[in-house]
Amino acid sequence: MATIEIEVPVEFADEVDELRGAIVELLATAAHEADVSMSLPDGRVLLVEVKDGGRSAVLRQLLEQVARNPGGLLAVSGLLETLTLREGVLRHVTDTVANQPVSLGPATAGQIALVDQGWRGIESRYGALDAGGYAELVGSSPTSRSVATKAKAKGLVGYRRGRRILYPCFQFDDRGLRPGWSDVVAPLRDAGWDDEDIVLWLAAPHGSLGRRSPVEALDDGDDDLVLGIIRDETAGVW
């Protein structure tokens, strides 16, 4: 057990019960077990005893923040939720790597992180649909997973995220695939590009497009310019 002393500001002396509740919620958000006891022996100093003493320094800073402003609990809790989530992700990745037959070098780990950032950026900016979402977009039943599979022949591109294939929404209009989309995707596939490379390339800034991405250029109506760049890249012209 670690004991953390928090001085309660005078302006909150009459709101100790609220503060106590805020701290309990804060510790719960931080994914600590509920083995927490609190006392206010002199009306000014709140004594918090927590089971996990290894993080007492960090907890002290966070709890003091709450003590200074109980209304700031949501912001601090949000930070803790983020940290807890990242810790869980890191633990999962570490366990997965430990079970691999060969070690994972820093360059490979960095590449994985960059690709993940790429997917998250696309999802944040454009959105993405799974097979059911695409089927619903084109007026089919959301349970009809074969609709997306058949649409691949028309240029539908996707990428794997966990156990799902996601299809970025930059390739859609309100009826399905945007007009002429196959003309964009087909040459890249014919050149041996896989769908994930195509998605990342389409969403990345391109020097020949004034730092616009190919998708942004298509949105601006510069289809011929994009198709010309695709011809050059698939022919090995740089």
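Each reported figure results from applying straightforward, stated rules to the coordinates on display, with no laboratory input. Small disclaimer: the values here were computed from a predicted structure and weren't measured. Because the Cβ atoms are built from the backbone with ideal geometry, glycine has one as well, and the counts that use them run over all protein chains shown.
The distance from the alpha carbon centre of the range 136-165 to that of the range 191-238 is 23 Å, rounded to a whole number.
To make sure I understand, if each residue's beta carbon is the centre and we count other beta carbons within 10 Å, what order do V138, V199 fall in, fewest to most?
Values: V138 14, V199 25.
Lowest count first: V138, V199.
Sorting Y167, Y159, Y134 from the fewest to the most surrounding beta carbons within 10 angstrom yields Y159, Y167, Y134.
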